[in-house]
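The values are calculated or read from the model by the stated rules, or taken from the named source; none is laboratory data. What you see is a predicted model, and the numbers here were worked out from it, not measured in a lab. Cβ: placed from backbone, ideal geometry, glycine included. Neighbour counts: every protein chain shown.
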C-alpha cells in the first residue's frame, strides 16, 4: 500500500513539473512582456466595433487571427495605415509585430474617445 502511495505522489509531482514547462512554452508564442518584434503568419480580419453600451456600430476594426485567437491591431501605434492593410483583409498575411498590453483606444490626448478597452494588442511594424 505504501508503494502505491509513493508511486502516486511521484506521478503527481512529476506531472506538476511538466505542466509548468507546457505553460512557459505556450506563453513564449505571444507574450506581452516580449518587447522584441516577431514575425507571424496570420489572417487579417475585420470585426464590427461594439461601443460601451453593447451596441454594434457600422465602424469595423482590424484584427489578426493567429491560430485560435484574434488580436486587436492598434493602428495609431503601427507603422502601416488601414489603407495599406485593407488589400489583405480575409487573407493570410506575414507581418512583423510587437505584442503589447494596455489601452486599445488611447491614441490621442482627447480622453473622450477612449472606450476603456484594454488588454493584449498587436502593433504592426511591417509586412513581410
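Quick notes
- Matching option when the condition is over 18 Å from residue 127 (Cβ atoms) and modelled with pLDDT of 85 or more, among 21, 101: 101
- Scanning segment 84-97 for residues that are crowded, with 18+ Cβ neighbours inside 10 Å and within 15 Å of the chain's Cα centre (by Cα) yields 95, 97.
- Filtered by the rule that a residue be at pLDDT below 90, outside any loop (DSSP other than H, G, I, E, B) and farther than 16 Å from residue 119 by Cβ, segment 42-55 gives a lone residue, 48.
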